Amino acid sequence: MEVTQKNTKKRSYPEELAPYIVEFGNGNQKNEYITYAGLQYLKSRYEKDNDKKLSVITEAIFLSNDNADMVEVYKFWSLNPLFIAKIAIDGVVLATGYGDANEANSGMVKQHRIRLAETRAKARALRELLGVEFVALDEMEQDGKNKPKTPNITSLKKLNDKQFEKFLKQSDDYIEKFYKKVEFTKEQKLKIDERIA
């Protein structure tokens, strides 16, 4: 039996997006994804380029009928939340996206299904509006075996250049959590300040 390796062609993207693109997957099934922070960065750039403020509106979607017991509908929804996100300028909807989360697709964050579903909806709407070809990392199941490669800095005192670049790709909350626990160089502190500003 001959084993062939999947030939995945890396997509090109602007240099400024590099901190927001992460690899995710196992073995030869790894692909590149954009982080939600990357979508937020692109959103702010879009607003600056167009001199317009984007509104992101989310709504929970409850699937029921007139005879439904609303308590039961809510119990079902809390286990299988569904959201729609709308991106608008001056009340005109430019893009929409749906997001869901359930036992099968939320992995280790299943206790946060509602937030995950809403974030997925916003990410899909932003991707549609901004023409982003990368799937958002939040759309992927993140169980213990299949998670994005991130530097484990909880036990490190200093980060080398490669570890630091991976660190910068993380969410603002992650960066702020470990900012005081690691001894960063002056240059690294400047990059962090630029990143979370």
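Sub-8 Å Cβ pairs linking a first residue in segment 109-120 that is of a type in the set (Asp, Glu) to a second residue that is buried (at least 21 other Cβ atoms within 10 Å of the Cβ), at least 6 apart or interchain, are 118/81; 118/83; 118/85; 118/99, ordered by first then second residue. As a summary of the residue check, residue 153 satisfies the conditions (1) modelled with pLDDT under 70; (2) farther than 21 Å from residue 38 by Cβ except for the one numbered (2).
Between 47, 16, the distinction of being more than 15 Å from residue 133 (Cβ to Cβ), surrounded by fewer than 16 Cβ atoms within 10 Å (Cβ to Cβ) and either of a type in the set (Gly, Ala, Ser) or modelled with pLDDT of 85 or more (or both) belongs to 47 only.
Being closer than 30 Å to residue 51 by Cα and free of Cβ contacts under 8 Å to residues at least 40 places away in the same chain is a property that holds for residue 86.
Hey, among the residues in segment 92-103 that are in contact (Cβ under 8 Å) with a residue 24 or more places away in the chain and not β-branched (Val, Ile, Thr), which one's farthest from residue 140 (Cα to Cα)? The extreme case among them is 94. Total residues in segment 58-73 satisfying the condition of being at pLDDT 85 or above and within 29 Å of residue 127 (Cα to Cα): the figure is 5. Within segment 165-188, is even one residue modelled with pLDDT of 70 or more, outside any helix (DSSP H, G or I) and in contact with a strand residue (DSSP E or B) (Cβ under 6 Å, 6 or more places away or on another chain)? Scanning segment 165-188, I find at least one residue that is modelled with pLDDT of 70 or more, outside any helix (DSSP H, G or I) and in contact with a strand residue (DSSP E or B) (Cβ under 6 Å, 6 or more places away or on another chain), so the answer is yes. When 58, 35 are checked against the criterion of being more than 22 Å from residue 195 (Cα to Cα) and touching a residue at least 60 places away in the same chain (Cβ under 8 Å), 58 stands alone in meeting it. Scanning segment 104-123 for residues that are farther than 16 Å from residue 137 by Cβ and touching a Ser or Thr at 6+ places or on another chain (Cβ under 9 Å) gives 113, 114.
The values are calculated or read from the model by the stated rules, or taken from the named source; none is laboratory data. Since the structure is predicted, the reported quantities are computational estimates derived from the model, not experimental observations. Glycine gets a Cβ as well: all are built from the backbone with ideal geometry, and neighbour counts include every protein chain shown.
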